[in-house]
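Below is one structure; the comments refer to it alone.
Every number here is computed from the coordinates shown, using simple stated rules; none is lab data. Please read these numbers as outputs of a predicted model, since none were measured by experiment. Every residue, glycine among them, receives a Cβ derived from its backbone with ideal geometry; neighbour counts consider all protein chains shown.
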Amino acid sequence: MNHALILPILLPLITGAGQLLFYQAPFALQRLLGFASTFWLVLLGIWCLQVAGNGEHLVYHAGDWPAPFGIVLILDRLSAVMLALTAVLGFCCLLYASNGGDQRGAHFHALFQFQLAGLNGAFLTGDLFNLFVFFEILLIASYALLLHGGGRARSRAGLHYVIINLVGSALFLIALGTLYGLTGTLNMADLAQRVAQAPPGDIPLLAAASLLLLVVFGVKAAILPLLFWLPRAYSAASAPVAALFAIMTKVGIYAILRVFLLVFALGEAPINETAWGWLWPLALFTLALGGIGVLGSNSLRTLTAYLVVLSVGTLLATISFATQESLGAALFYLIHSTGMTAVFFLLADLLGQQREEGYDNFTATGPIGHRWLLGTLFFFAAIAMVGLPPFSGFVSKAWILQASAQESQGFWLWGVLLAAALLTLIAVSRTGSSWFWRPGDMARPYPLERGPLTLVSSMVGLNGLLAVFGEPVMGYLELTAQQLLDPHAYIAAVLPEAFVARQEVAP
Amino acid sequence: MALLYAITLGVLTTCGVYLLLRARTFTVILGLTLLSHAVNLYLFASGRLVSSAPAIIGLSEQPADPLPQALVLTAIVIGFAMTAFVVVLALKAAVELRNDHVDGENPDEDLA
């Protein structure tokens, strides 16, 4: 058993606890600890990618309890991709925050580490109740991070965000209670087998539990009827926090992938068919609403929040085809969209600070300082976001369209996705032209800080690199999708005895 | 016993959902608390309701399932912490926004 597998959870947890205990220590030390921990997470993420790359599932039995009884952590390709993405994004956000934003409220660094611990735990765990616990850890850290910096808008948005997530937690527990009552287990691999062998009388209840889970993950991921908390919350959060939150909706998507492609995927008439049936129209409406919201926003942060909605719609619509090609394309888009929405949240802050008035509001028409430099950066970020070549958004969208062309309903996705992209293009070009072209030069521009500027530029650069090295990444993600669609390998890794027994019984 | 249990759960959930849909933060938090009580009881019942059967093998013919009890304990602790947090947040919002509506503004005030 390789103990390194629990490090992505333990390392930030211990760092965060230490930062809380020694909060009186010099602030620079706290910052340094945060950086050290997050840097190690990046290295661990790379290690995970490498280890999971050979296609095997790495299993960690917490406390060495055997599989269906104890808690297991499982690393497969999907977990590794998510872990690496979280670590890199977390590192960038921490870099941006250390420019002074982390001092506007108490315990930023400790909360940040707890958030990372919760995220990593959710990506690694192989137990549904444990998934609930890690969700709560990442949520309570996110509640406090959302309020970081204080202010009326944040309290208002925070109240909605907290209450809807508490209701979501209650629904999660109801679904877990139902599943446990029917099957007597909460280990995902064990659950998958029991659900597949469930008597026909239990199927409606199991389907109800699966749809409850879909609602819970839908709240996290922000699917159409459950997304109205998102724009206000994300646009109220401080820039580095909002950028980190770009991965939070993706946790919901990860959970949907994991649960519906593993737990409810087996049996003669898999229960996940119902969920896919719901997901497809809802995702399309989400995508359309995201496009309209982008066009109708009144500030760059709200616009970015709707870009998050748009990306969730695109992802779920692609995922609901549930083929290898579409899943691979969705995962590529997931990486791209997480990075780019984070860039846009940071960019809104960076540009807002340089504007003479109005911060990032579109109604203000004052001039902006350093407009050649910032305008160029915005131009590149905007074409990367919209999905024009040569950035990875183009690659991912082309792949999604190609994958959906093989489906009978694919043309719906073509229409809505391309229309939403057009609306995004209009919205960002309107922003760019009204901020950088119309007003003249600022008489005395504010001093430009190099650190954040370099960081955001290099994040856009990373997006370009993702396109340049698209082929190996796409290969990795295709294998990830293949692994996801083969739940038997996952079950065999977690429960070797049960799997062998089943193989012997089967002819 | 099962009927009484089910009715209790139903009443708790109904009251919880009703209060949750009110406009003021205090009632919403009460609703959340009732809902989380109902959920905890539901989780507890998922191990089947048996009386005078401790969760220890050998003390009774059919020992109770210990796992739901552990799950409920975890859920209670988490629910408690979350309620404490949301109470503090509601107080903070009430002080900062000068009213206790969930949207941060009183819709009737605009009309007056």
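Between the alpha-carbon centres of segment A:20-85 and segment A:115-140 there is a gap of 12 Å. Here the label points at B:VAL50 and B:LEU9, each 7 Å from Cα along the C-beta direction, are separated by 1.8 nm in the simple model.
Here segment A:216-242 and segment A:316-362 have alpha carbon centers that stand 13 Å from each other. Maximal additional length on extending the A:ALA489-A:GLN409 stretch stands at 25.8 nm, based on 0.36 nm per residue less the C-alpha distance.
Here the peptides A:26-33, A:284-291, B:82-89, A:330-337 are ranked by packing, the mean other Cβ count within 10 Å, and the order with the highest first is A:330-337, A:284-291, B:82-89, A:26-33.
Estimated from helical segments only, the mean residue ellipticity of the protein assembly as shown at 222 nm is -24000 deg cm²/dmol, where each DSSP H run of four or more residues counts as -39500 (n - 2.57).
Around the Cα centre of segment A:115-232, unit charges on the Cβ atoms of Lys, Arg, Asp and Glu (plus for the first two, minus for the last two) sum to a dipole of about 600 debye.
Full extension of the chain between A:LEU453 and A:TYR23 gives 151.8 nm of extra length, using 0.36 nm per residue less the Cα-Cα distance. Electrostatic tally near A:ALA198: other residues with Cβ closer than 13 Å to its Cβ, Lys and Arg +1, Asp and Glu -1, net -2.
Here's the picture: charge each Lys and Arg Cβ at +1 and each Asp and Glu Cβ at -1 in chain B, and of B:ALA23, B:ALA70, B:LEU89 the one pushed furthest to the positive end of that dipole is B:ALA70. Each Lys and Arg contributes +1 and each Asp and Glu -1, all at the Cβ; summed about the Cα centre of segment B:1-104, the dipole is approximately 220 debye. Taking the empirical scaling 2.2 N^0.38 Å for compact globular proteins as reference, the protein assembly as shown has a Cα radius of gyration ratio of 0.96.
Toward the positive end of the charge dipole of chain A, with +1 on the Cβ of Lys and Arg and -1 on the Cβ of Asp and Glu, the farthest Cα among A:ALA283, A:ILE383, A:GLY151 is that of A:GLY151. In this calculation the C-beta distance from B:ARG98 to A:ALA36 is compared with R0 = 35 Å, giving a FRET efficiency of 0.20.
Between A:GLY55, A:PRO447, A:ALA481, the Cα set farthest toward the positive side of the dipole of chain A (charges on each charged residue's Cβ, about the Cα centre) is that of A:PRO447. Look at where the Cα atoms of segment B:1-33 and of segment A:394-466 average out, and the two centres are 45 Å apart. Residues of segment A:25-55 with an amide N closer than 20 Å to a point placed 7 Å from the Cα of B:VAL88 along the Cα-to-Cβ direction: A:25.
Measuring r between the beta carbons of A:LEU401 and A:THR376 and using R0 = 22 Å, the FRET efficiency lands at 0.15. Of the peptides A:381-387, A:123-129, the order by per-residue mean of other Cβ atoms within 10 Å, starting with the highest, comes out as A:123-129, A:381-387. Net charge in the neighbourhood of A:SER404 (other residues with Cβ under 11 Å of its Cβ; Lys, Arg +1, Asp, Glu -1) is -1.
The mean number of partner chain beta-carbon atoms within 10 angstrom of a residue's beta-carbon across peptide B:97-105 is 3. The mean number of partner chain beta-carbon atoms within 10 angstrom of a residue's beta-carbon across peptide B:29-39 is 3.
About the centre of its Cα atoms, the protein assembly as shown shows a dipole size close to 1380 debye [charges on the beta carbon of Lys, Arg (+1) and Asp, Glu (-1) only; nearest 20 debye]. Counting only other chain Cβ atoms within 10 Å of each residue's Cβ, the peptide A:153-162 averages 5. Of the peptides A:220-232, A:74-86, the ranking by mean beta-carbon count within 10 Å, highest at the top, reads A:74-86, A:220-232.
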